[in-house]
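Working notes for the structure below.
The values are calculated or read from the model by the stated rules, or taken from the named source; none is laboratory data. These numbers come from a predicted model, not from an experiment. Counting neighbours? That spans all protein chains shown, and the Cβs are built from the backbone with ideal geometry, glycine included. Quick note on the areas: whole protein, heavy atoms, side chains included, nothing else; ligands and nucleic acids left out. Shrake-Rupley method; radii C 1.70, N 1.55, O 1.52, S 1.80 Å.
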Amino acid sequence: MKDAATSTIALQPQPTWSDEDRARAEHYALIARLFHAAPDAALLAALVQAGRTLGGEGGELPRAWAALGAAAQATPQQAVADEFDALFVSVGKPEVMSNGSWYLTGFLQEEPLAELRDDLAELGLGRRPGVTETEDHIAALAEVMRHLVLTGPDEVGLARQRQFFGRHIAPWYAQFAGALAAAPGADFYAKVGDLLAAFMDIEREAFDMLEAEAR
């Protein structure tokens, strides 16, 4: 992501990445992109196609994909951009907050952000100069998870992913998705929130299984 709040290394596809790793990384990349800025026409078109190929009735994630693809097809690009601005851009408090600290403490710049910065430093990651969003923004966290998925497909890497997800995403992503669903002006982004929640639920369940196996 070009202007993410955290700096990661550009990664080229590797033959060691499994189809599951690629799919997970692509979902995290999409979440990062959609919450960093409103989608352009090309991305909306890609979402329409993805809704057709990935959507269905086989579970929450396929249903979320189908709904998002339909919303991408039905909503003009400018309307999506206006919705993004109305929800997330404000000189004061946005309609929907996108920062983990807010959901965990009710305030920004609190202890969860300090803990996150410590963990990012251990991973060799940091905030890009000039970026205004803090590192606990959902787009930045999704970009970090994408990075961890693609740089750590082994057992040690999975442990890093599980720890980071459990500390910095799992405690609040459902509240964030719920805030999007409840926001009066949310339509397209309510569907994005549903996709985020469905995907993160799968991630949480998988990490819980890994933790149980490690005991």
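Checking the structure you have, find out if any residue of the range 172-182 is aliphatic (A, V, I, L, M), at pLDDT 95 or above and within 21 Å of ASP208 (Cβ to Cβ). Let's see the steps before the verdict.
At the first step, the residues of the range 172-182 found to be aliphatic (A, V, I, L, M) are 174, 177, 179-182.
Filter once more, keeping what is at pLDDT 95 or above: 174, 177, 179-182.
If we keep only those that are within 21 Å of ASP208 (Cβ to Cβ) as well, we get 174, 177.
For the range 172-182, residues aliphatic (A, V, I, L, M), at pLDDT 95 or above and within 21 Å of ASP208 (Cβ to Cβ): present.
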- line: Condition set touching a Gly at 6+ places or on another chain (Cβ under 9 Å) and without any contact (Cβ under 8 Å) to a residue 60 or more places away in the chain, scope the range 54-69, selection most open to solvent (accessible area, probe 1.4 Å): answer is LEU54
message: Among the numbered criteria (1) among the hydrophobic types (A, V, I, L, M, F, W, C); (2) free of Cβ contacts under 8 Å to residues at least 60 places away in the same chain; (3) surrounded by 13 or more Cβ atoms within 10 Å (Cβ to Cβ), which one does VAL89 miss?
response: (3)
- request: Give just the number: which of (1) in a helix (DSSP H, G or I); (2) open to solvent by 50 Å² or more (accessible area, probe 1.4 Å) does ALA81 not satisfy?
  value: (2)
- line: Checked the range 119-128 for anything open to solvent by 60 Å² or more (accessible area, probe 1.4 Å) and of a type in the set (D, E, K, R); matches are GLU122, ARG127, ARG128
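Those residues that are farther than 20 Å from ALA182 by Cα and in contact with a helix residue (DSSP H, G or I) (Cβ under 9 Å, 6 or more places away or on another chain), I need them from the range 77-104; list them, please. Walk me through how you get there before you give the answer.
Taking the range 77-104 as the starting set, the residues that turn out to be farther than 20 Å from ALA182 by Cα are 77-78, 91.
Across the range 77-104, the qualifying residue is only GLN77.
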- prompt: Taking into account only those residues within the range 203-215 that are open to solvent by 80 Å² or more (accessible area, probe 1.4 Å) and modelled with pLDDT of 95 or more, which is nearest to GLY124 (Cα to Cα)?
  reply: ARG204
field: Any helices (runs of 4 or more DSSP H) falling wholly within the range 110-215 and containing at least 1 residues that are charged (D, E, K, R)
entry: 111-122, 138-151, 155-168, 188-214
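Go through the range 138-166 and count every residue that is β-branched (Val, Ile, Thr) and out of contact with any helix residue (DSSP H, G or I) (no Cβ under 6 Å at 6 or more places or on another chain).
Let us first name the residues in the range 138-166 that are β-branched (Val, Ile, Thr), namely 138, 144, 149, 151, 156.
Among the residues that remain, those that are also out of contact with any helix residue (DSSP H, G or I) (no Cβ under 6 Å at 6 or more places or on another chain) are: 144, 151, 156.
Of the residues in the range 138-166, 3 are β-branched (Val, Ile, Thr) and out of contact with any helix residue (DSSP H, G or I) (no Cβ under 6 Å at 6 or more places or on another chain).
Of everything in the range 129-156, what is on the phi < 0 side of the Ramachandran plot and open to solvent by 70 Å² or more (accessible area, probe 1.4 Å)? Give them in sequence order.
Applying the first criterion (on the phi < 0 side of the Ramachandran plot) to the range 129-156 yields 129, 131-156.
PRO129, THR132, GLU133, ASP154, GLU155, VAL156, listed by residue number.
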- prompt: If you scan the range 25-47, which residues turn out to be over 20 Å from GLU133 (Cβ atoms), open to solvent by 20 Å² or more (accessible area, probe 1.4 Å) and more than 10 Å from the chain's Cα centre (by Cα)?
  reply: GLU26, ALA41, ALA42, ALA45, ALA46
